[in-house]
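Visitor: Below are the structure tokens for one structure; questions will follow.
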Amino acid sequence: NCNFPVSLADEAPYLLTSQTSLEDLNRRLLLRGKSPVEMRRFRPNIVVSGRELRPWEEDTWKRIRIGNVEFHVWQRCGRCVMTAIDRDSLERNGCGGEPLATLSTFREREGGQRNFGMHLIPVMKGDDDGNGPGNSLPEVFVGDKIEVLEYDENRRAEWSMSFSQ
């Protein structure tokens, strides 16, 4: 009996992005005379938004709960050239094109990684002996509330230096 879930994710099963971070990126693109991009360029499966959410604040989270599901916020997502391909026309904005060039101006890390979004790993509750995958997979729904359970203090300090106002 092999009832294991299939995942086609390359690094983590979930990618969380925020609407406020996309809005900030698009503001920066416009300031550089470039066209804004849609969220689907980044291929997230969870997008968060809210009045109190500040741009790039998702970088600071270590553990969150969405609805009834707890997640470990593992790492920032380094972006590749796929983000430079228009989803409708399949036209490529060139090697290092937008939005990567703009991300490079304020989101580039060691090794040239440009980040947008955070990889999430669900905290799975085991079966009775604590060794199995449990009886059900986690489910989140549109409109679920998000709760920050713990911050990553190193990422929070870095974010405060770069983005807090």
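Where a number appears in this text, it was derived from the coordinates with a stated rule and is not lab data. Keep in mind it's a predicted model, so treat the numbers as computed, not measured. All Cβ positions, even for glycine, are placed from backbone atoms using ideal geometry, and neighbour counts span all protein chains on display.
Visitor: If I model a spin label as a point 7 Å beyond the Cα along the Cα-Cβ vector, how far apart are those points for LEU90 and VAL148 in nm?
Guide: Simple spin-label model gives 4.1 nm for this pair.
Visitor: Once you place label points 7 Å from the Cα toward the Cβ at PHE141 and VAL123, how far apart are they in nm?
Guide: Placing both labels 7 Å beyond Cα along the Cβ direction yields 2.2 nm.
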